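Quick notes on the structure that follows.
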Amino acid sequence: MTLESHTALTRRLSGASERGEAVANKAAAAAAPPERESERAATAAALAPSRGWVFTRRLGGNGIRGRLTVTRSAWVLAAAAAAAGGRVAGRPAPEALAAPDEEEEEEEEEEEAGEAAQLRAGRTAPPPPPHRGDRMKRGRKNSKPGSHLSDEAKIAESKKQKTIVEDSVKDFQKLDWGNLIPEIVLQVFQYLPLLDRARASQVCRKWNQVFHMPELWRCFEFELNQPATSYLKATHPELIKQIIKRHSKHLQYVSFKVDSSKESAEAACDILSQLVNCSLKTLGLISTARPSFMDLPKSHFISALTVVFVNSKSLSSLKIDDTPVDDPSLKVLVANNSDTLKLLKMSSCPHVSPAGILCVADQCHGLRELALNYHLLSDELLLALSSEKHVRLEHLRIDVVSENPGQTHFHSIEKSSWDAFIRHSPKVNLVMYFFLYEEEFDPFFRYEIPVTHLYFGRSVSKEVLGRVGMTCPRLVELVVCANGLRPLDEELIRIAERCKNLTAIGLGECEVSCSAFVEFVKMCGGRLSQLSIMEEVLIPDQKYSLEQIHWEVSKHLGRVWFPDMMPTW
């Protein structure tokens with residue numbers, strides 16, 4: 001190797017913020033005896049560069065061809081290999097490695113480059129003395145030990161550095177990345193994003209084999225977005241083909257995120273219809289914008305979903321909100337997965353009837369979480385969930401939604417049904433979301449109901465909030481997004497008196513006097529873990545101003561509190 005190629009190689013290695021000696025030390029550390037495995041791993045981790053080292057070369061023996069980029073992930077693998085007992089030929093590992101000073105590195109690089117240029121030009125005389133200003137700026141370098149060496153000593157030192165670098169490169173080339181233990185490579189791959197994992201799989205055949213191990217393909221999220229309708233990234237079509245071809249039988253936890261386009265929903269159905277060899281445990285169909293699954297022909301969607309229901313004999317979690325699922329498809333679900341189904345979320349599914357959801361409750365006795373619309377809730381369903389065969393329900397979410405005021409009829413649930421339900425599942429979280437107009441609240445809160453989490457997404461009247469304080473003793477969380485212009489002082493005090501479990505409250509477009517709010521906080525005390533009140537909600541009065549209420553509320557809460565500028569719920 002000529003001195004010119006040696007200098008170029010030195011620059012390439014130092015471009016990754018480590019000297020040639022550091023590379024040699026790393027290779028030597030990997031060759032340390034087994035009793036120093038922990039030291040080798042720590043040394044390899046300490047030497048991991050912040051940028052990649054790029055070598056353009058041709059390697060044989062492991063099927064590596066072309067351009068190999070050794071990134072931080074590869075250095076992590078090197079550390080793992082050292083810990084596993086991998087070895088390369090080299091010198092004994094040093095006891096301690098100190099990171100070189102960056103300024104010293106830059107100055108030494110300049111010296112080496114100047115020396116190489118002089119030798120190429122055939123000059124052996126010492127370089128001309130630097131300008132006085134340069135000497136002052138580079139006083140640190142001129143004061144280094146050895147700066148007074150003769151030309152022969154410098155040439156000898158340069159040859160010594162050349163030998164060290166050449167030995168280091170040889171040691172590094174002897175690293176057999178393909179012989180790393182597959183379990184170690186698998187552990188590292190599990191922490192890498194999919195794109196980085198795919199790039200690392202091209203290093204050698206063994207890494208490519210690890211890339212296709214079933215453990216890496218049990219959980220996958222298909223992101224189906226059209227460039228014209230979404231700015232979100234999408235799963236590449238070629239990757240989808242490879243997954244279906246090679247890994248469909250390995251999939252267990254699958255979700256689909258689709259945008260508002262019909263094309264994305266159709267693509268999701270096409271993938272579902274091809275999962276004939278899989279046995280899913282969880283499936284989620286998530287619309288990131290407007291529900292696009294509702295734009296599909298019902299028969300097309302049901303056909304694709306039935307493929308999963310039939311082939312998955314151990315489905316435990318199913319999220320199919322805003323989809324055209326119907327009663328017959330739910331019967332197929334129950335027939336194949338009744339023993340394993342624990343979670344079912346199917347809000348806004350207009351083709352499902354109360355009889356369909358009752359079939360699920362009657363046969364899926366292990367169901368622990370259920371989310372549905374209010375029109376599917378019935379006395380029969382509550383009694384089925386309260387039967388002795390059924391496990392205790394942990395979470396029940398009910399969405400009460402009205403699209404057009406006055407056109408939706410809401411039935412009433414008997415108090416005896418609620419009582420039987422609570423006796424069977426005393427610790428259940430009953431979550432109710434109300435998106436109604438003020439005149440549609442008449443059937444609700446007429447008697448005591450066991451709701452724990454209550455959200456009002458639209459304007460709710462002062463009267464309804466007064467009934468909440470009288471009929472919801474189990475209330476834990478309350479969010480009121482909007483109300484009229486009448487202060488809610490009395491209603492808030494009543495809620496604090498009757499709802500002894502209340503720990504979180506959020507108030508949006510409504511009004512509460514500062515005195516009433518302070519009294520409310522004083523009554524609830526430190527149990528209020530979440531207090532999200534918009535600043536415009538609080539109305540100053542004779543007792544408290546907006547500046548004073550901050551300190552008063554903080555005193556009763558036992559922590560610093562400020563009103564919110566933006567809603568946090």
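The values are calculated or read from the model by the stated rules, or taken from the named source; none is laboratory data. Not measured: the values here are computed from a predicted model. For neighbour counting, all protein chains shown are included, and Cβ atoms are generated from backbone atoms with ideal geometry for every residue, glycine included. Just so you know, the surface numbers come from the protein's heavy atoms only, side chains and all, with ligands and any DNA or RNA stripped out. Shrake-Rupley method; radii C 1.70, N 1.55, O 1.52, S 1.80 Å.
Data overview
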| quantity | calculated |
| --- | --- |
| Hits in segment 551-563 - residues which are over 21 Å from ARG486 (Cα atoms) and surrounded by 16 or more Cβ atoms within 10 Å (Cβ to Cβ) | GLU552, VAL553, HIS556, LEU557, TRP561 |
| Qualifying residue in segment 535-544 (condition: touching a residue at least 24 places away in the same chain (Cβ under 8 Å), surrounded by 19 or more Cβ atoms within 10 Å (Cβ to Cβ) and more than 39 Å from the chain's Cα centre (by Cα)) | yes |
| Those residues of segment 174-205 which are of a type in the set (Lys, Arg) and either touching a Phe, Trp or Tyr at 6+ places or on another chain (Cβ under 8 Å) or in a strand (DSSP E or B) (or both), in sequence order | ARG197 |
| In segment 211-226, the residues that are assigned to a strand (DSSP E or B), crowded, with 16+ Cβ neighbours inside 10 Å and touching a Lys or Arg at 6+ places or on another chain (Cβ under 9 Å) | PHE222, GLU223, LEU224 |
| Residue list for segment 228-247, filter: among the hydroxyl-bearing types (Ser, Thr, Tyr) and touching a Phe, Trp or Tyr at 6+ places or on another chain (Cβ under 9 Å) | THR235 |
| Candidates PHE410, PHE421 - the one that is among the aromatic types (Phe, Trp, Tyr) and surrounded by fewer than 17 Cβ atoms within 10 Å (Cβ to Cβ) | PHE410 |
| SER416 vs. criteria assigned to a loop (DSSP other than H, G, I, E, B) and either touching a residue at least 60 places away in the same chain (Cβ under 8 Å) or of a type in the set (Gly, Ala, Ser) (or both) | no |
| Among (1) at pLDDT 85 or above; (2) open to solvent by 50 Å² or more (accessible area, probe 1.4 Å) - the single one GLN173 does not satisfy | (1) |
| Failed item in (1) under 20 Å from GLU238 (Cβ atoms); (2) at pLDDT 85 or above, with ILE184 passing the rest | (1) |
| Checklist (1) in contact (Cβ under 8 Å) with a residue 40 or more places away in the chain; (2) part of a loop (DSSP other than H, G, I, E, B); (3) of a type in the set (D, E, K, R) applied to ARG397, failing item | (2) |
